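Q: Take a look at the following structure, please.
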Ligand SMILES: [Fe+2]
């Protein structure tokens with residue numbers, strides 16, 4: 001960013017992570033649908049994502065996967081060598097997105113229990129907030145479970161203020177104010193890089209930011225969690241898809257979407273709906289051992305290059321039937337997009353369109369051993385949707401996979 005660029009209101013509210021990643025407000029408006037928002041009127045102001053904290057069976061190798069297959073960069077580490085006798089943790093970056101991959105070092109680590117119950121998954125959707133105490137006071141008054149009261153942690157790089165509240169299942173939201181901190185992640189972590197090198201010709205980054213994180217909750221619990229995000233965290237409704245919209249013959253789900261004031265943080269919440277057979281949400285709930293984060297959507301400015309780079313590293317995407325691209329009705333709805341439809345078809349990329357524009361999206365297979373968490377790549381062109389028009393096409397593809405696993 002240079003001084004000659006126009007300084008709109010949005011420029012001033014870029015997070016430090018976004019500035020560090022050299023992203024502009026205009027890019028973020030396109031990438032994740034960032035909107036202007038006045039935090040002064042917000043009972044629980046959230047600036048954006050701080051980190052997605054994963055608990056994995058083998059954090060050391062998962063960190064390698066996120067570097068090699070997802071093009072992320074290792075920036076910090078905590079482990080026995082740094083005085084952490086419980087676990088290893090690797091901090092990875094891509095643009096403004098931060099993943100923290102943790103795994104048990106000690107057999108007595110609570111992370112080992114978490115992993116036995118849930119498999120690889122997201123334990124903490126950490127959010128950046130400008131005022132931890134104000135958020136927790138509001139959350140507690142609204143009946144939220146406060147897992148960690150506001151407290152400071154400090155080292156030679158400064159002080160971070162932290163607190164944590166519970167959300168669905170065993171998932172938590174750590175609230176982070178790192179405005180007085182210059183270290184690589186948190187006290188207890190040291191800066192660390194790795195010898196991993198990008199393939200020649202691979203894009204500098206495969207994604208720039210986190211767009212949304214979807215939560216799967218039990219039948220009948222969706223409205224309760226939507227209400228939680230509204231009442232406790234001041235989120236507002238973005239879109240609503242119910243029942244028929246996304247039902248296939250065999251399975252169905254209900255989904256509602258809430259977002260924070262500036263729309264950086266978007267949480268679609270799914271619950272299973274009655275179908276003739278077991279839905280993908282039921283399968284998730286069984287294998288995750290309860291509610292949890294189902295998928296992470298990663299925002300990219302060039303989904304074709306990202307898919308190509310990931311496929312070259314062995315990432316598996318859900319196939320999309322040729323009929324999706326050849327169906328005249330669907331083709332008319334797709335309309336004109338930035339690349340020929342054949343380029344999308346070769347990669348199985350889906351298109352959805354609404355009154356604001358269109359989006360391109362594609363979904364990976366589950367990336368761990370259990371049929372639980374997976375990723376989405378999303379390239380937005382004006383549309384602030386989530387691919388509602390693709391749900392049916394997508395679910396039919398997912399069900400073919402469920403059938404192969406004998407879980408339909
Ligand atoms: Fe999504």
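Q: If you line up the Cα atoms of segment 209-404 on their principal axes, what length do they span on each, largest first, in Å?
A: Taking the Cα atoms of segment 209-404, the three principal extents are 43, 40, 34 Å.
Q: Now, a different point. How many nm separate the modelled label positions at residue 308 and residue 22, each set 7 Å beyond the Cα in the direction of the Cβ?
A: For residue 308 paired with residue 22, the spin-label model returns 2.1 nm.
Q: Still on this structure, I have one more. Using 1/(1 + (r/R0)^6) with R0 = 51 angstrom and r between the beta carbons of residue 400 and residue 148, what's the FRET efficiency to the nearest 0.05?
A: The pair residue 400/residue 148 has a calculated efficiency of 0.75.
Q: Still on this model: List the relative contact order of segment 286-386 as a percent without decimals, with contacts defined as Cα pairs under 8 Å and 6+ residues apart.
A: Relative contact order, segment 286-386: 37 percent.
Q: I would also like to ask the following. Based on other C-beta atoms within 10 Å, arrange 218, 376 from fewest to most.
A: 218, 376
Q: If N is the number of residues in the chain, what value comes out of its Cα radius of gyration divided by 2.2 N^0.38 Å?
A: The reported ratio for this selection is 0.95.
Q: At a temperature of 37 °C and a viscosity of 0.692 mPa s, determine how fast segment 66-109 diffuses translationally according to Stokes-Einstein, using the Kirkwood radius over alpha-carbon pairs as Rh; express D in µm²/s, rounded to the nearest whole number.
A: 298 µm²/s
Q: How high is the relative contact order of segment 209-404, in percent, counting Cα pairs under 8 Å that sit 6 or more residues apart?
A: Once normalised by length, the contact order is 22 percent.
Q: Starting from 0.36 nm per residue, how many nanometres of slack lie between residue 204 and residue 316 once their C-alpha separation is accounted for?
A: Going from the current span to full extension adds 38.2 nm.
Q: Now, a different point. Consider just the alpha-carbon atoms of segment 43-191 and return their Rg together with their Dmax, both in angstrom.
A: Rg and Dmax of segment 43-191, Cα atoms, are 15.2, 44 Å.
Q: Just want to confirm a number: the relative contact order over the chain, from Cα pairs under 8 angstrom separated by 6+ residues, in percent.
A: Here the relative contact order equals 16 percent.
Q: Oh, and also: Given the -39500 (n - 2.57) contribution per DSSP H run of 4+ residues, what per-residue ellipticity at 222 nm results for the chain, rounded to the nearest 500 deg cm²/dmol?
A: -7000 deg cm²/dmol
Q: Starting from 0.36 nm per residue, how many nanometres of slack lie between residue 196 and residue 73 once their C-alpha separation is accounted for?
A: Value of the extension gain: 43.4 nm.
Q: Could you please state, rounded to a whole Å, how far the C-alpha centre of segment 67-132 is from the C-alpha centre of segment 135-165?
A: Their Cα centres are 19 Å away from one another.
Each reported figure results from applying straightforward, stated rules to the coordinates on display, with no laboratory input. From a predicted model like this one, the values you see are computed outputs, not experimental measurements. Note that each Cβ is placed from the backbone with ideal geometry, even for glycine, and that neighbours are counted across all protein chains shown.
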